[in-house]
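The values are calculated or read from the model by the stated rules, or taken from the named source; none is laboratory data. Everything numeric in this text was worked out from a predicted model, so none of it was measured. Quick reminder, even Gly has a Cβ in these numbers, built from the backbone with ideal geometry, and neighbours come from all protein chains shown. Each accessible area value is taken on the protein alone, full model and side chains, heavy atoms only, with ligands, DNA and RNA left out. Shrake-Rupley method; radii C 1.70, N 1.55, O 1.52, S 1.80 Å.
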Amino acid sequence: MATASANKRKMYISTAGVLVFGLAAYGLGRVYPPMGPSAGTIAPAERYVSSQVGEDDVTLGDTAVPELMQTDAFELMTKDPQFRALAASPGFQVLAGQPQVMAALMANPKAFAALAANPSAFAGLAQAAQKAAAAGPQARGFNGQVMSAVSSHLAAFQGLAAHPAALAAVAANPAAFSSAASLQSSAASSAAFAGLANDASAMKALQADPGMFSALAANAAGFKALSGQPQALAAAVNSAAAAARQLQSAGVSQQALLALAAHPGTFSALAAQPRALAAVAAHPQAFAALAAHPQALAGIMSNASAFSSFANNANAFRNAASKAAADARLASNASAFRQLASDNAAMNALSSDPRVFSAMSAAAQAFAGIASNARQLNPQAIAAIGNNASAFSKLSANAAQLSAASRALQAFDAHSLAASAASAGKLNAASMQAVMANPSAFSAMMANPSAFAAVSHQAAAMATLSSNQKAFAALAAHPNLSALMANPSFSAALSQAGVAQAAAQGWTSNGTSAWGHHSTALLGSGRVAYVEFPSKR
């Protein structure tokens, strides 16, 4: 009886906790609803400004933290006891202190949570990203060649990729193969080609598209660079085909597809915040000009609302940028803004489209969420998005297709990088296996390998991430909330709000929870997401 009574008390306490958070989350959904790509005007919760914590990015502005703390979303989140308990954990504080890491977690919550459950696998993948970083520029140079061939001959390449050894042999010596018949003739002397010759479906696709062989030969360097790793090469071909299908069906041109393949970080960063993608598609020349000055761009994105006044006076921005040290909005990045002011081509682009500042201000939260990844925004890729503005605008309104295309392009990037790095002796078999099992996470890690490596050695961070998978997934499902979590000022704001100290007794010395867990519903716009937050035993 005593046990039953105790269990009842536990249930009542847990239920009360669910109701408390449910009410808070309902309020959050009303004033700060999950904003789909087609959502309208942003709620008042756009009032904050942000700044970065990385060495080479923007520094924390004087008003960034207090203004973030004034937002409706931040206030509601931090007043909820369940969220405070999660945010007070040492592990969460480590994650929040790395904006690029948190942005990647919000874009790939399931992948990273699964990895965190195996800290050695997480650390191994982060180490592989560090080793592959040196091979990145050359490997991505080959991405365009591979995508060029695959995207025009999808079925034929996928048929060949079903037989990795045969694909690798053809890729290593494309001049020796000019037709499906040449593949069949090799079957007698090669087991790899024998399997292909007996695959009726693959051979039918190859026979129906003889142009595939000339396309492969025309892009021989890209395929040869990957041919030493048959499994990774086959995976790269398949993921390239998946990305091409998604983007081509959205109306994206071949030229834009190749630009994104060569600069996948641009698309993955923007895809994480659809409103930012839509704004870039509407103002490509201005964004391309700013992207050539990433530190200045990061400063603007982290504090977009403060720059809205320049939307009606481009000359005022040029004057302010040339005297950046005297302007509080620009002072922390004075050198970067002065360089931007001296770039006549960039300033002409901004003068032609000053409304870019109001567009960024209207989606301030979305841009703040990608401010730490400003260096990933490539001017050529942005220009390509602009040349396909209608397609990318529509794509930004289709969350499922946008996410699928982004994941496929990330996987293509990961497989290509891994194959190139392994061929150069940078990755061993174990590292290759880790990449093949976690391509999206690996591609995200490549944006800042050292940050992920540092986090991988923090047991508290790994414990918090792996034990709160549903919470991170639910937060990531709401673009506004995920942007808030990735805001470079978020960690400092939590600390000033007292969250870093609150409920600290509920966590053990290594950062694992000493509390129980229960599900709560995150409500908004008719959608329910179940969140795992700590509840005290």
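At a glance:
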item	result
Leading residue by the ranking (nearest to N373 (Cα to Cα)) among those in region 95-150 that are in a loop (DSSP other than H, G, I, E, B) and within 16 Å of the chain's Cα centre (by Cα)	Q98
Selection within region 468-491 - open to solvent by 30 Å² or more (accessible area, probe 1.4 Å) and of a type in the set (A, V, I, L, M)	A473, A477
From S351, S358, residue being in contact with a helix residue (DSSP H, G or I) (Cβ under 7 Å, 6 or more places away or on another chain), open to solvent by 10 Å² or more (accessible area, probe 1.4 Å) and free of Cβ contacts under 8 Å to residues at least 40 places away in the same chain	S351
Any hit, region 389-407, residues being touching a Ser or Thr at 6+ places or on another chain (Cβ under 8 Å), closer than 25 Å to A451 by Cβ, open to solvent by 20 Å² or more (accessible area, probe 1.4 Å) and modelled with pLDDT of 90 or more	yes
Evaluation of V94 against (1) open to solvent by less than 30 Å² (accessible area, probe 1.4 Å); (2) out of contact with any Leu (no Cβ under 9 Å at 6 or more places or on another chain); (3) among the aliphatic types (A, V, I, L, M) (one fails), failing number	(1)
In region 324-339, the residues that are of a type in the set (A, V, I, L, M) and either open to solvent by 60 Å² or more (accessible area, probe 1.4 Å) or under 20 Å from A291 (Cβ atoms) (or both)	A324, A325, A326, A328, L330, A334, A336
Residue that is more than 20 Å from A336 (Cα to Cα) and either charged (D, E, K, R) or open to solvent by less than 10 Å² (accessible area, probe 1.4 Å) (or both), where the choices are A256, A321, A272	A256
Number of positions in region 153-193 that are outside any helix (DSSP H, G or I) and either buried (at least 17 other Cβ atoms within 10 Å of the Cβ) or at positive phi (or both)	5
Verdict on S332 being of a type in the set (S, T, Y), over 25 Å from R275 (Cα atoms) and either in contact (Cβ under 8 Å) with a residue 24 or more places away in the chain or in contact with a His (Cβ under 9 Å, 6 or more places away or on another chain) (or both)	yes
Members of region 344-376 that are under 17 Å from S491 (Cα atoms) and either of a type in the set (A, V, I, L, M, F, W, C) or touching a Cys at 6+ places or on another chain (Cβ under 8 Å) (or both)	A368, I370, A371
Test: K224 is over 23 Å from A421 (Cα atoms) and either free of Cβ contacts under 8 Å to residues at least 12 places away in the same chain or not in a loop (DSSP other than H, G, I, E, B) (or both)	no
Residues that are over 16 Å from the mean Cα position of the chain (by Cα) and among the basic types (K, R), drawn from region 386-408	K394
2 or more residues within 15 Å of the chain's Cα centre (by Cα): qualifying helices (runs of 4 or more DSSP H) within region 420-488	439-445, 449-456, 469-476, 479-486
